[in-house]
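The structure appears right after this line, and notes come after that.
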C-alpha cells in the first residue's frame, strides 16, 4: 500500500522519496557494512601480501600472484575435487530420495502428516548435534551404524572404520548430509507436487494414460522447477560445507575429506595468509556465483516452458 | 516540543549516571584468558588468594582446546582488549613477541627481583624466551606440561600375564624403557581378553584438525634422531627433517598405529586418549601430563590401577613439550594490575599451592624440593619427562609449519598414502616454502 499523501505532508520538509529513503537507509547501511564493504575489502586484500597476524608489517601489492598461487596449488585442486565429489553425490542422493519421499507423502495415506513430521526432524537439528551424534554412530566399537553394517555384511564391527578409512570417510560425510538434508528437498518437491492441478491428471485418465506415462509426462515436468530450485539451494549450501566435515573427520584421514571451505579456513586462520585466502575466497565466490547464474537462467527457461 | 526534549535529555542523563555509579564503586577487575581444562579450574581456586590480597577481582575467559588457538590468536591479532593476562601456548611466543602482542617482561622482572634462573630451564626456553636461548622474556613459566604415558598397573601386575609375556618376549612386563619395548607390550595386549573384556595396546595421538598427530609423532621422531634444522645452519632442513633415522621413526609410529590402537583411533587427541584409558580399553595411553591428576583420581582406572612413565628412549631420549607461560597482553588498559598478578604468581608459596591444587609449577624451589618426587604418584614421571623436553617450532609462522606437518604425517600414518620418506620430503618442501615466504631463507 502506498503512503497516503497527507502523511507525507504532515512530516514537514520531507518528500515521499525522502521518507522512502529514510525507511530503507538502515537496511542499506547494514548491507553495505556487513556484505559489500567486506567483499570489496577482500578483493583489495587479494592483491596484497597482507597477513592478519602481523598487523604492524608493511602491506605491499603483489599483483596477481595470490591468484596464480591458488590456481596452481595442487592441494587446492585436490580440495576442489573433494568438494565436487561431495556436492555431486549429496545432490544426486538427496534429489532422488527426497523426490521419492515427497511422491509417497503426496499419496496422502493414513498418518501421512505424522510421517511428514518424523521425516522432517533431522533438518531441524543443529549441525553440531548431528555431527557429534553421527560420530558416535560411526564408532567401530560401540556405534549402531557399525553394528548394523556388520549384521548385513558379516564384516566385524572393528573393521568398519567409517571415519578412519580413506575410501569410506568421504561416503560417511555424504551419508550424514543426505540423512540431514533430504527432508528439505522432500519439502520443496512436495510443494511442487501439490501445485499440480488435479484436472490435468483427470484429463490424462480420460485419455487412458498409464500411471507411468502420467508420472513422466505430467508429474516430473511440472515438478521440475521445484526440483531444480532444491538442487540450487543444496548445491550452494554444500559447496560451502564446513561444520559437518570439521566435526566428523577434521578433513582427514590425510586430506581425503578436506573440502574447499576447510582449506580456505586453514589458509586464512591457521596459516594467516590473508591475501592468498582472500584470492581463494574470491575465486570460490565467482565460481559459485557464475554457476548459480547459469543455473538460474536454465531454471527460468524450464519455468517458461 | 522543548519541554519534551528537556525531559528526554534528563532521562538519558539519569540513566547514564545510574549505570556509571556502580562502576565507579567497583574494584578493578582483570580478565585472564586460557584453555578450558582441569588446571584452569585449579587456577580459579588459586586466584582467590590474589583477590583477597589485592582486592582485584579476577574474571576468566576459558575456551575449549579445539578453539583455543583460533579464538585467542584472533583476539591478539585484532588487538582486542578482552584479555589482560593470557596463558598462551608455547608455540605462540615467537609471533606474539614479534607482532607486539605481549609485553616484554625483562625490566619488570629486574625491578621485582624475579629471576628466570629460579625456573626449570626448559620451561624458560619453551615458554618465555624469544628469540630462543636469548635473555628476552615475554612470559613467566606458568604451567609445565609434557607428553608422557600412563599404563594399567593392575593389568601389568597380573601373574598370568607376566608369565606369558616373559615367555614370549624374554623380559619382565613393566613400564617400557624403549619404544621397541613399548610396541611389544602394545602388541601383547592388542585384542586380548582382560577381566572378560577385549582390550587394546595403546592410545596414541592421531588428530588431524589442530595439532594432535604432530604432538604425538614428534615424541617418536625426536627419539629416532629427527631434527628440525641443521644445528650449524638455521633453517637448513634437508637431511635433518627427512634423515634416514627420521624416516624410520615415522615408520615406527605408523606401525604402532596399525598394530596396536583401538578401532576408530583415526582422530584421537587429549580428550579421546584419556577417554580410551578411562573406559578401560587400552593398556597404555600417550597424553600430556596435565591429564594425570584427573586420571589418578578416577574411580575405575585410578589409584593403584594406574602407573606413569616418561616417553621411552630409542637412539635419543626426548619428549614433546606442552605447557604455557603467562603473559601480559600489550593492548590491556590494566597493565599495572596484570603485572601485579604475575608478581604474585611468581612467589614460591603461591607456586607450591599451585602444584597442590593440580597445576604443574615450573619453579625449581617447588619441583626440586625434598619430597616433591614422592608428593604425588605421577610427580617422578613428570620430573623425568621435563628433563628431556623438546618443542615444535615457535617461529611466527608456527601455525603454517604445524598445518603442513599435520597434513603430511596424517596422510601417511592414518590415511596410508605414500611412504614415510615421501611424507618427510614433502614436509621439507612445505617448510622451505614457509621460511622463504618469511624471508628467513
**OP:** For residue B:60, work out the one condition from (1) within 17 Å of residue B:403 (Cα to Cα); (2) part of a strand (DSSP E or B) it doesn't fulfil.
**Re:** (1)
**OP:** Give the range B:277-296 a look and list any residue that's within 14 Å of chain A (Cβ to nearest Cβ) and buried (at least 24 other Cβ atoms within 10 Å of the Cβ), or say none.
**Re:** B:282
**OP:** Inspect all residues belonging to the range B:381-393 and state whether any of them is touching a helix residue (DSSP H, G or I) at 6+ places or on another chain (Cβ under 9 Å), over 26 Å from residue B:261 (Cα atoms) and not in a helix (DSSP H, G or I).
**Re:** yes
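Do we have any residue at all in the range B:73-80 that's away from chain A (no Cβ under 12 Å) and closer than 30 Å to residue B:135 by Cα? Give the derivation first.
Taking the range B:73-80 and keeping what is away from chain A (no Cβ under 12 Å), we get none.
The answer is no; no qualifying residue exists.
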**OP:** Considering each of B:276, B:246, B:255 in turn, give the residue that is closer than 27 Å to residue A:169 by Cβ and in contact with a helix residue (DSSP H, G or I) (Cβ under 9 Å, 6 or more places away or on another chain).
**Re:** B:255
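Results for (1) more than 19 Å from the chain's Cα centre (by Cα); (2) in a helix (DSSP H, G or I), shown as yes or no for each residue.
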residue	(1), (2)
B:262	yes, no
B:265	yes, no
B:286	no, no
B:295	no, yes
B:300	yes, no
B:308	no, no
B:320	no, no
B:326	no, no
Original post:
Do the conditions hold for residue B:69, that is, is it within 14 Å of another protein chain (Cβ to nearest Cβ), surrounded by 18 or more Cβ atoms within 10 Å (Cβ to Cβ) and more than 16 Å from the chain's Cα centre (by Cα)?
Top reply: no
Original post:
residue A:129 versus (1) surrounded by fewer than 21 Cβ atoms within 10 Å (Cβ to Cβ); (2) assigned to a helix (DSSP H, G or I); (3) within 14 Å of chain B (Cβ to nearest Cβ): which is the lone unmet condition?
Top reply: (3)
Original post:
Among (1) away from chain A (no Cβ under 12 Å); (2) modelled with pLDDT under 95; (3) within 21 Å of residue B:89 (Cβ to Cβ), which single condition is residue B:436 missing?
Top reply: (3)
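Conditions (1) touching a strand residue (DSSP E or B) at 6+ places or on another chain (Cβ under 8 Å); (2) more than 30 Å from residue B:99 (Cα to Cα); (3) away from every other protein chain (no Cβ under 14 Å); (4) at pLDDT 95 or above, marked per residue:
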position	(1), (2), (3), (4)
A:67	no, no, yes, yes
A:75	no, no, no, no
A:107	no, yes, yes, no
A:119	no, yes, yes, no
Original post:
Counting just the residues of the range B:400-422 that are more than 10 Å from chain A (Cβ to nearest Cβ) and either surrounded by 18 or more Cβ atoms within 10 Å (Cβ to Cβ) or closer than 15 Å to residue B:215 by Cβ (or both), which one comes out nearest to the chain's Cα centre (by Cα)?
Top reply: B:405
Original post:
Do you know which residues across the range B:36-57 are crowded, with 18+ Cβ neighbours inside 10 Å, in contact with a helix residue (DSSP H, G or I) (Cβ under 7 Å, 6 or more places away or on another chain) and in a helix (DSSP H, G or I)?
Top reply: B:39, B:42, B:46, B:50
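Taking the conditions exactly as written (in contact (Cβ under 8 Å) with a residue 60 or more places away in the chain and within 14 Å of chain A (Cβ to nearest Cβ)), does residue B:397 satisfy them or not?
Details: in contact (Cβ under 8 Å) with a residue 60 or more places away in the chain: yes; within 14 Å of chain A (Cβ to nearest Cβ): yes.
Judged against the criteria, residue B:397 is a match.
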Original post:
Name the helices (runs of 4 or more DSSP H) wholly within the range B:82-191 that hold at least 1 residues that are surrounded by fewer than 16 Cβ atoms within 10 Å (Cβ to Cβ)?
Top reply: B:106-112, B:153-156, B:159-169, B:179-189
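Going residue by residue through the range A:154-168, is there one that turns out to be closer than 24 Å to residue B:200 by Cα and more than 14 Å from chain B (Cβ to nearest Cβ)? Please lay out each step first, then the result.
In the first step, residues of the range A:154-168 are kept if they are closer than 24 Å to residue B:200 by Cα; the result is A:154-166, A:168.
From what is left, the residues that are more than 14 Å from chain B (Cβ to nearest Cβ) are A:154.
Checked the range A:154-168: at least one residue is closer than 24 Å to residue B:200 by Cα and more than 14 Å from chain B (Cβ to nearest Cβ).
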Subject >> residue A:140 without any contact (Cβ under 8 Å) to a residue 12 or more places away in the chain, within 14 Å of chain B (Cβ to nearest Cβ) and out of contact with any strand residue (DSSP E or B) (no Cβ under 7 Å at 6 or more places or on another chain) >> reply: no
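If only one of B:144, B:88, B:126, B:100 is in contact with a helix residue (DSSP H, G or I) (Cβ under 8 Å, 6 or more places away or on another chain), touching a residue at least 40 places away in the same chain (Cβ under 8 Å) and within 14 Å of another protein chain (Cβ to nearest Cβ), which one is it? Give the steps one after another, and end with the answer.
Values: B:144 fails: within 14 Å of another protein chain (Cβ to nearest Cβ); B:126 fails: within 14 Å of another protein chain (Cβ to nearest Cβ); B:100 fails: in contact with a helix residue (DSSP H, G or I) (Cβ under 8 Å, 6 or more places away or on another chain).
Of B:144, B:88, B:126, B:100, the one residue that is in contact with a helix residue (DSSP H, G or I) (Cβ under 8 Å, 6 or more places away or on another chain), touching a residue at least 40 places away in the same chain (Cβ under 8 Å) and within 14 Å of another protein chain (Cβ to nearest Cβ) is B:88.
Before we move on, is residue B:202 in a strand (DSSP E or B), touching a strand residue (DSSP E or B) at 6+ places or on another chain (Cβ under 6 Å) and away from chain A (no Cβ under 14 Å)?
Numbers: in a strand (DSSP E or B): yes; touching a strand residue (DSSP E or B) at 6+ places or on another chain (Cβ under 6 Å): yes; away from chain A (no Cβ under 14 Å): yes.
Against the criterion (in a strand (DSSP E or B), touching a strand residue (DSSP E or B) at 6+ places or on another chain (Cβ under 6 Å) and away from chain A (no Cβ under 14 Å)), residue B:202 qualifies.
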**OP:** Using the structure shown, decide if residue A:172 is closer than 30 Å to residue A:226 by Cβ, part of a helix (DSSP H, G or I) and within 14 Å of chain B (Cβ to nearest Cβ).
**Re:** yes
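The values are calculated or read from the model by the stated rules, or taken from the named source; none is laboratory data. Nothing here was measured: the structure is a model prediction, and the numbers come from that model. Note that we place each Cβ from the backbone using ideal geometry, even for glycine, and neighbour counts take in every protein chain shown.
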